[in-house]
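Everything on this sheet refers to the single structure shown next.
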Amino acid sequence: MCVIVDDYSRFTWTLFLASKDETFEKFVAFIKKVDKRVGHSFVCLRSDHGTEFENSRFIDFYNEHGVEHNFSAPRTPQQNGVVERKNRTLEDMTRTMLIANSLATNFWAEALNTSCYIINRCMIRSILNKTPYKLFKGRKPNIMHLRIFGCKCYVHNNEKDVLGKFDTRSDEVIFLGYSSHSKAHKVFNKKTLCVEKSVHVLFDKSNSLIKNDAQDEDYELGLAKKDLLATHEESKNSQEGSGTGSVSKEGEQGDKKAGGTAAESCLQNKENKSETGSRTDLQKGVGTSSETGARTPPK
């Protein structure tokens, strides 16, 4: 695979190669098409020191067309960061699309081509705030035809097989992207096990991805309810803790008051005992004195 990025618009192309030996032929054919479409000549190329770009055939091509070739320093991919970052983005998108739809890695080329197709029409070029498609072709892209990669759909059986009166008129297929040379969809037919291009495609809106989204929404709602219940329980526990604290304080105050009353009662009992004791002693003293006075004979 060879990734080519326009330095100004960030428009991206992907060239699929059987081997690195095909790089020169594919690249020259690509440059001729782009020069004729854009109306500008190819001026400069920036790449690493890979042998697919640094060889005698490319050197002769550069000298013939007056093209300047810049290389990044060895083991310094950040000097060619635009293409390196774009390559990583394409790989991440391709991996995510294949895993999310449980597709085999055999469809990596279709997934990569679809990723490049979406990036050119949806991602915004920094600073200029425009899509690469708008900057390169001069018009806004149409994204109404975009569909979910790997979704289930049905393609019309246009006399591909001899059908009976009650046979199905469509086959179940998997959506694999968009054709680069015609206005059609690329699908994988489960019945024939072949990749087809067709316009007569009906997409199933009740896709598994939509169900997964609904499950995710239910999961998020469940988490929100759980958080609300947790906050409610925390507030309730805090209120109960403040209530027990007031009760304990009242209990302490009541204990203090009870202790005070008990001490006062003890003091009062002691005072009463002392008073009664003194009274009894006085009464006893008076009685003895009178008795003794009565018993003494007169002189």
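The values are calculated or read from the model by the stated rules, or taken from the named source; none is laboratory data. All of these numbers come straight from a predicted model, not from anything done at the bench. Note that we place each Cβ from the backbone using ideal geometry, even for glycine, and neighbour counts take in every protein chain shown.
From the list H49, H40, the one residue that fits, being in the same structural domain as W13 (by TED's automatic domain parsing), in contact with a Pro (Cβ under 7 Å, 6 or more places away or on another chain) and either among the aromatic types (F, W, Y) or part of a loop (DSSP other than H, G, I, E, B) (or both), is H49.
Listed by first and then second residue, the pairs linking a residue in the range 174-195 that is within 19 Å of A100 (Cα to Cα) to a residue that is part of a loop (DSSP other than H, G, I, E, B) and among the aromatic types (F, W, Y), with Cβ atoms under 7 Å apart and 6 or more places separating them unless they lie on different chains, are F175/F149; G177/F149. For the range 170-184, the count of residues that are outside the structural domain of V83 (by TED's automatic domain parsing), modelled with pLDDT under 95, touching an Asp or Glu at 6+ places or on another chain (Cβ under 7 Å) and part of a loop (DSSP other than H, G, I, E, B) is zero.
Is it the case that the range 72-89 has a residue that's touching a Leu at 6+ places or on another chain (Cβ under 6 Å), surrounded by 15 or more Cβ atoms within 10 Å (Cβ to Cβ) and either within 21 Å of M1 (Cα to Cα) or in the same structural domain as V173 (by TED's automatic domain parsing) (or both)? For the range 72-89, residues touching a Leu at 6+ places or on another chain (Cβ under 6 Å), surrounded by 15 or more Cβ atoms within 10 Å (Cβ to Cβ) and either within 21 Å of M1 (Cα to Cα) or in the same structural domain as V173 (by TED's automatic domain parsing) (or both): absent. Could you tell me which residue of the range 152-171 is farthest from L202 (Cα to Cα), considering only residues that are of a type outside the set (S, T, Y) and surrounded by 13 or more Cβ atoms within 10 Å (Cβ to Cβ)? Selected residue: K160.
From the list T94, T23, the one residue that fits, being within 37 Å of the chain's Cα centre (by Cα) and either more than 25 Å from S9 (Cα to Cα) or of a type in the set (S, T, Y) (or both), is T94. Here M1, M93 are screened, and the one residue that is closer than 30 Å to L193 by Cα and in contact with a Leu (Cβ under 7 Å, 6 or more places away or on another chain) is M1.
Pairs linking a residue in the range 106-135 that is within 16 Å of M1 (Cβ to Cβ) to a residue that is aliphatic (A, V, I, L, M) and surrounded by fewer than 19 Cβ atoms within 10 Å (Cβ to Cβ), with Cβ atoms under 6 Å and 6 or more positions apart or on different chains, are S115/M93. The C-beta contact set for the range 20-47 (first residue under 17 Å from H69 (Cβ atoms) and small (G, A, S), second residue modelled with pLDDT of 90 or more and in a helix (DSSP H, G or I), distance under 7 angstrom, 6+ apart or interchain) comprises S41/D35; S47/N80. In summary, no helices (runs of 4 or more DSSP H) completely within the range 81-149 bear 1 or more residues that are at pLDDT below 95 and on the phi > 0 side of the Ramachandran plot.
To keep it simple, each residue is scored yes or no on (1) more than 32 Å from the chain's Cα centre (by Cα); (2) more than 26 Å from R85 (Cβ to Cβ); (3) of a type outside the set (D, E, K, R).
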residue	(1), (2), (3)
I127	no, no, yes
I148	no, no, yes
K152	no, yes, no
H181	yes, yes, yes
